Amino acid sequence: MRNILNLPLKSDIKKILTLDDKKLPSFPQVAAKLLEVSRDETTSLPDISKIVETDPGISVRVLEIVNSALYGLGRKITALSEAVVFLGLDEIKKLAIGMTVFEKMFKSGRTKQFDRLLFWRHCLSVAILSMEIAKETKYPDPEEAYVAGLLHDVGKIFLDLQGRVDYGDFIQELSTSTDLVIEKERSVIGLGHDDVGAFLCSLWKLPEKLVIAVKYHHQPFDHIDLTPEEKLLISIVSLANFLCWTQGIGSFDFIRPPILPPEVEKTIDLGKINIINCILHMNKEVESISKFYHFVFPSVSQLRENLLWANLKLSKANTKYYYQEDPLTQFKDTTQVKDSSISSDLALELGKPLAKAKSIKEVLDIVMYQVGRIFQPLHWSILLKDPKTSNMVFSVVVGTNKKKLQGVKLPKGEGIAGHIMETGESLIIEDVAKDDRFSIRVDKYSGFKTQSIIGTPLKTDDKIFGVIELINRISEDSFTDQDLKLLSSIAEYAAIAIERSYYNQALTTIATKDSLTGLKNRWSFERAVSNKEEVLRFFGSIFSMLIIDIDRFRQVNETMGQSAGDDILKQLAQVLTRTKRREDEIFRYGEDTFIMLLPQTYTDGAEIAKDRIIKAFSQAVLETIKIPVKINIIPHTVSAEDSSQLKAIVGDFLSKSKTLVNEDAIADIENSLQLLLEKEYTKEAAEIKNKQMIGKIVSLGGEFTRLKTRETGHIRVEKLSMLTIGFRISKSHRIQVNDFLDIHFILDDIKKSLVERRIVVREIKGNYITADFYNPPPYAKNLGFYLMS
């Protein structure tokens with residue numbers, strides 16, 4: 001092997017794997033032999049047949065697949081040599097290698113958290129997609145790309161089987177964090193699965209190009225002396241892996257925003273390959289073969305082109321965040337930005353949290369915090385477009401009178417923000433009194449006095465969906481051109497991060513919920529009953545299932561129209577939700593079919609639930625939709641041991657005349673972002689209300705400095721929350737409402753943590769002052785732990 005691989009040493013591998021020098025991990029002989037002979041141009045079909053026949057188990061499995069509907073052969077094939085003739089060398093080789101690797105290496109695991117079927121589904125999908133992309137990019141050996149895709153995550157197998165760190169515990173921890181998989185492996189385990197996999201592939205003496213693809217599918221490789229063909233193979237596998245994760249086909253049972261090495265977009269022109277067709281071909285082939293593995297797949301309806309291309313585009317930004325190659329680094333000399341304490345690596349401080357943010361609200365919290373920290377404005381806000389009126393809404397507001405402005409709507413085109421929204425032009429206004437575009441109405445409403453403004457659009461491609469606007473500086477200095485350049489760069493990153501979060505939230509919703517009723521969907525049901533241990537934990541040793549369908553629903557659709565049918569479905573969903581117990585689970589499984597799982601419920605309890613639902617639905621029909629329609633309910637009581645039969649029971653029920661639910665679509669971001677954000681902030685409102693101010697605490701001593709006059713003094717903190725503070729001043733003062741103070745005090749925790757914050761005075765009663773923290777961080781670690789304790 002060439003030095004370019006930079007493989008870990010055996011001593012490094014032994015630190016993370018329990019390796020036995022006498023019995024090192026081995027690669028399946030049949031697969032190794034097939035790889036070896038496939039490089040020999042003189043290899044014949046009978047040669048391949050003889051190799052596969054040396055493992056009878058693999059031969060049988062290959063014949064099962066050959067005789068499946070996937071290939072549609074006119075008669076049954078009983079001999080492997082005959083199958084080779086029908087399907088050809090490359091197809092049989094592909095099948096045999098795949099089946100061998102699965103049966104001999106991937107099938108059994110050590111920890112239940114590492115679902116091997118889910119993992120194999122991912123590997124097989126990446127393999128097929130790699131082959132399709134290889135064909136599109138004219139890679140000379142598409143079957144080689146297939147094998148590279150199949151083995152790209154092989155390191156995870158050995159981290160599970162022989163890892164010194166329990167890989168199941170690692171996956172469990174990963175599922176609740178925001179870290180990238182590969183980054184978390186390196187920090188917790190010591191090496192990533194890419195390095196482990198490449199070491200093992202080298203140990204097995206697999207072709208060097210395969211080792212290179214396994215090694216670099218998560219890493220930058222432009223600095224390595226590789227041939228164009230090797231770079232293309234890495235890019236193919238990396239892109240295939242990225243696309244599978246975006247479609248919900250990852251190697252773990254949770255969605256993680258993936259990362260593309262920066263060279264992929266240089267090597268593959270994404271605009272010149274038909275990725276949608278590649279994915280559809282992958283879905284078709286893997287779904288056809290899935291019955292042999294009992295896979296559960298996200299539906300084809302989830303392959304929405306806008307989601308796919310958004311993820312492809314944002315891979316550039318994710319790459320910059322992850323590798324810290326960031327346009328913001330051009331502003332590392334921050335001496336021109338007054339009254340701010342910017343870190344020497346703003347790129348890392350802004351980019352990395354944005355790349356990890358899981359929701360739109362998290363993205364906006366990070367952006368608003370960094371904007372406040374860098375520019376020190378008196379007031380700053382994000383305005384988003386109202387989808388119904390195209391007016392602008394103050395969606396996120398920080399600063400003076402934020403509660404009064406939150407949610408206020410500004411007519412389309414009005415003011416500086418309106419001009420930015422309409423033109424997409426970033427603006428800096430040093431004195432608003434001299435600019436005709438400024439609207440005084442907001443100042444009159446809020447009681448605020450605007451002097452200078454900078455603003456920049458939030459946009460993706462040519463779609464503007466919002467504006468970031470900063471008003472006045474604490475220092476009373478004007479904003480500068482340098483400020484505007486920096487804000488524009490932040491806005492560019494923020495817009496892409498918002499778009500990524502929006503589409504990832506939409507993907508999760510589509511993958512797990514029915515869009516019409518809001519209930520969990522068929523995929524959620526099949527996941528819920530696919531694992532016996534999970535069924536036992538959530539539903540108990542004995543539980544019941546109700547299969548509920550609407551009588552003659554198709555006739556209602558045909559005679560009264562689809563809207564009438566939709567009303568019935570929504571009404572039934574509401575009845576089921578209203579009548580269920582807290583622990584019951586409801587799913588919309590088919591077009592007019594619903595399933596309810598009743599934990600720890602015997603037959604008599606299921607019958608009671610059935611009668612309760614029928615009675616409630618009949619009453620609802622009479623009172624609301626006034627359409628004569630009935631429902632049928634079939635109860636089944638099963639034990640957790642027999643839970644695997646549930647899918648078969650439901651499938652048999654639907655096999656005669658039922659159809660699956662309708663396709664789902666993801667709305668454009670510019671038309672949905674404001675409504676989605678409203679829901680997130682509404683959900684959080686009650687929590688924030690409860691955290692505004694806690695009861696009296698043990699008095700904490702500290703000091704203050706008034707920014708306007710540099711006056712100083714002592715304080716005694718008496719009330720404290722994450723957002724507000726109440727304290728007394730020990731002497732007479734000239735402090736006024738809306739004054740800024742810099743304060744510091746010591747917590748009475750074990751570490752005696754120092755809290756240093758800027759605050760804005762909100763209320764003064766004698767020598768007792770109530771204030772808001774100015775620009776509180778999204779989460780303050782020391783203060784948060786203190787308040788929770």
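The values are calculated or read from the model by the stated rules, or taken from the named source; none is laboratory data. The model shown is predicted, which means the values in this text are computed figures rather than measured ones. Because the Cβ atoms are built from the backbone with ideal geometry, glycine has one as well, and the counts that use them run over all protein chains shown. For accessibility, only protein heavy atoms count, side chains too; no ligands or nucleic acids. Shrake-Rupley method; radii C 1.70, N 1.55, O 1.52, S 1.80 Å.
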Subset of region 369-388 [open to solvent by 10 Å² or more (accessible area, probe 1.4 Å), modelled with pLDDT of 85 or more and touching a strand residue (DSSP E or B) at 6+ places or on another chain (Cβ under 7 Å)]: 376, 378
Identity of the residue in region 182-216, basic (Lys, Arg) and either in a helix (DSSP H, G or I) or open to solvent by less than 30 Å² (accessible area, probe 1.4 Å) (or both), that ends up modelled with the lowest pLDDT: 184
The listed residue being in contact with a helix residue (DSSP H, G or I) (Cβ under 9 Å, 6 or more places away or on another chain), outside any loop (DSSP other than H, G, I, E, B), of a type outside the set (D, E, K, R) and closer than 24 Å to residue 402 by Cβ, out of 755, 760, 717: 755
First in region 750-764 and in contact (Cβ under 8 Å) with a residue 12 or more places away in the chain, second anywhere and assigned to a loop (DSSP other than H, G, I, E, B) and open to solvent by 50 Å² or more (accessible area, probe 1.4 Å), Cβ under 6 Å, 6 or more apart: 761/737
Residue, surrounded by the fewest Cβ atoms within 10 Å (Cβ to Cβ), within region 521-555, restricted to residues that are within 25 Å of residue 118 (Cα to Cα) and of a type in the set (Phe, Trp, Tyr): 538
Pair list, Cβ under 7 Å, 6 or more apart: region 642-663 residue more than 13 Å from residue 588 (Cα to Cα) and loosely packed, with under 12 Cβ neighbours inside 10 Å, other residue at pLDDT 80 or above and of a type outside the set (S, T, N, Q): none
Matching residues in region 502-527 - criterion: being modelled with pLDDT of 85 or more and hydrophobic (A, V, I, L, M, F, W, C): 519, 525
Selection status of residue 177, open to solvent by less than 30 Å² (accessible area, probe 1.4 Å), of a type in the set (Ser, Thr, Tyr) and modelled with pLDDT under 85: yes
Residue match in region 268-282 (condition: surrounded by 15 or more Cβ atoms within 10 Å (Cβ to Cβ), assigned to a loop (DSSP other than H, G, I, E, B) and at pLDDT below 80): no
